[in-house]
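Asker: Below is the structure I would like to discuss, written out as structure tokens.
The values are calculated or read from the model by the stated rules, or taken from the named source; none is laboratory data. What you see is a predicted model; the values in this text were computed from it and never measured. For neighbour counting, all protein chains shown are included, and Cβ atoms are generated from backbone atoms with ideal geometry for every residue, glycine included.
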Amino acid sequence: MIKKKKTTSDAVQILHRRYYHGKPDRLAALEEARAEDELARKIFKLRQQAGLTQARLAKRVGTTASVISRLEDSDYEGHSLTMLKRIADAVDKRIEIRFVPKKGKFQAA
């Protein structure tokens, strides 16, 4: 018997089937992009919660506002633990790193 694909109108599932299903390299790139986006959003949120502009945070960290801007950009791939520690110190926080299991199947964001 011929297996028929289960039809769906879920746009996320359609895109997943078309661009990611059976393509581990693309899935790995997607997960990496999600992680970078999450880190950028956390830096932005931390700065906002501290009531700081990019320039003020940069001054506290000892860098420039353009560096803070890059760190808050989800496309930036140059995050370093040293810089993250400096940012955490500037807003009176500490860094906590966790290792979690990899996701086995595609999960919607």
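Asker: Which of the residues spanning the stretch 87-104 are surrounded by fewer than 10 Cβ atoms within 10 Å (Cβ to Cβ) and over 19 Å from the mean Cα position of the chain (by Cα)?
Answerer: Once the filter is applied, which keeps residues that are surrounded by fewer than 10 Cβ atoms within 10 Å (Cβ to Cβ) and over 19 Å from the mean Cα position of the chain (by Cα), the stretch 87-104 yields only 92.
Asker: If you go through the stretch 29-86 one residue at a time, how many are among the β-branched types (Val, Ile, Thr) and surrounded by 14 or more Cβ atoms within 10 Å (Cβ to Cβ)?
Answerer: Going residue by residue through the stretch 29-86, those that are among the β-branched types (Val, Ile, Thr) are 43, 53, 61, 63-64, 67-68, 82.
Now drop any that are not surrounded by 14 or more Cβ atoms within 10 Å (Cβ to Cβ), which leaves 43, 61, 63, 67-68.
Total satisfying the criteria: 5.
Asker: Same structure, new question: Would you mind stating whether residue 57 is modelled with pLDDT under 95, within 22 Å of the chain's Cα centre (by Cα) and not acidic (Asp, Glu)?
Answerer: The answer is no for residue 57.
Asker: Same structure again: Can you run down the residue pairs with Cβ atoms below 6 Å, 6 or more apart or on separate chains, where the first is in the stretch 48-69 and within 17 Å of residue 93 (Cα to Cα) and the partner is β-branched (Val, Ile, Thr) and loosely packed, with under 14 Cβ neighbours inside 10 Å?
Answerer: 58/64
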